[in-house]
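In what follows, a single structure is set out as structure tokens and then discussed.
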Amino acid sequence: MKIPIKTQKGTINITERLKELNRTENCAVLATLNNGHPYTSLVNFAFTPDYRAVLFATPKATSKYRNILKMQSVALLIDNRTKSAQNLMDLEAVTILGTAHPVKRGNRWEDLAKIYIEKHPILEEFVRSPTTALIIVNIKRCIHVSKFQSISVWDAQA
């Protein structure tokens, strides 16, 4: 296996890769800012059907929740490292850049919670707890890396 030493422009259909990662992966690394410093957390995620937003749930009494209330810009990293650890050329990761905010309880919350719970049924009681916030991240850009250094970019706002 030859590892490339230079990056190259990728031609991946990022929406298709998001669909596959949504099907095969449960966790993402969420990056927020905490007093100007990066702060990362693991979250269970689900995409909205149009793949323009990502959902996750978090207790309101957490640093990630407080960080989102202060600064809505976030990044999520979703990858397949647990399934492809033996072959670096099979690894893929997507960084999602977007704006996060809690969803207010109501009809829209119910619709989005249903999407999230369908993917993570074990978390239904947690999601429905009044101490939990359902967060939506509106995607601005996705950066997909595969084959070690093949980089594809998708601007969701375009």
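Applying the selection to region 48-71, what residues are at pLDDT 95 or above and in contact with a Lys or Arg (Cβ under 8 Å, 6 or more places away or on another chain)? 58, the sole residue that qualifies.
If you go through region 96-116, how many residues are aliphatic (A, V, I, L, M) and either assigned to a loop (DSSP other than H, G, I, E, B) or under 16 Å from residue 24 (Cα atoms) (or both)?
Keep residues of region 96-116 that are aliphatic (A, V, I, L, M), which gives 96-97, 100, 103, 112-113, 115.
Next cut, either assigned to a loop (DSSP other than H, G, I, E, B) or under 16 Å from residue 24 (Cα atoms) (or both) only: 103, 115.
Residues meeting the conditions: 2.
Taking the criterion of being in a strand (DSSP E or B), of a type outside the set (A, V, I, L, M) and either under 11 Å from the mean Cα position of the chain (by Cα) or on the phi > 0 side of the Ramachandran plot (or both), the residues of region 44-61 that qualify are 44, 47, 56. Is it the case that some residue within region 75-95 is modelled with pLDDT of 80 or more, in a helix (DSSP H, G or I), in contact with a helix residue (DSSP H, G or I) (Cβ under 7 Å, 6 or more places away or on another chain) and over 28 Å from residue 35 (Cα atoms)? No: region 75-95 contains no residue that is modelled with pLDDT of 80 or more, in a helix (DSSP H, G or I), in contact with a helix residue (DSSP H, G or I) (Cβ under 7 Å, 6 or more places away or on another chain) and over 28 Å from residue 35 (Cα atoms).
Selection of first residues in region 114-133 that are within 13 Å of residue 45 (Cα to Cα) and hydroxyl-bearing (Ser, Thr, Tyr) and of second residues that are surrounded by 12 or more Cβ atoms within 10 Å (Cβ to Cβ) and at pLDDT 95 or above, restricted to Cβ pairs under 7 Å at least 6 apart or on distinct chains, gives the following pairs, ordered by first then second residue: 116/46; 116/55; 116/57; 116/127; 116/134.
Kindly check whether there is at least one residue in region 102-110 that is under 17 Å from residue 22 (Cα atoms) and surrounded by 14 or more Cβ atoms within 10 Å (Cβ to Cβ).
So in region 102-110, the residues under 17 Å from residue 22 (Cα atoms) come out as none.
Checked against the condition, which is being under 17 Å from residue 22 (Cα atoms) and surrounded by 14 or more Cβ atoms within 10 Å (Cβ to Cβ), region 102-110 yields no hits at all.
Listed here are the residues, each with its yes/no results for (1) at pLDDT below 95; (2) of a type in the set (Gly, Ala, Ser); (3) not in a strand (DSSP E or B).
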site	(1), (2), (3)
125	no, no, yes
133	no, yes, no
148	yes, no, yes
151	yes, no, no
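The values are calculated or read from the model by the stated rules, or taken from the named source; none is laboratory data. Source: prediction; values computed, not measured. Here Cβ is always computed from backbone atoms with ideal geometry, including for glycine, and neighbour counts include all displayed protein chains.
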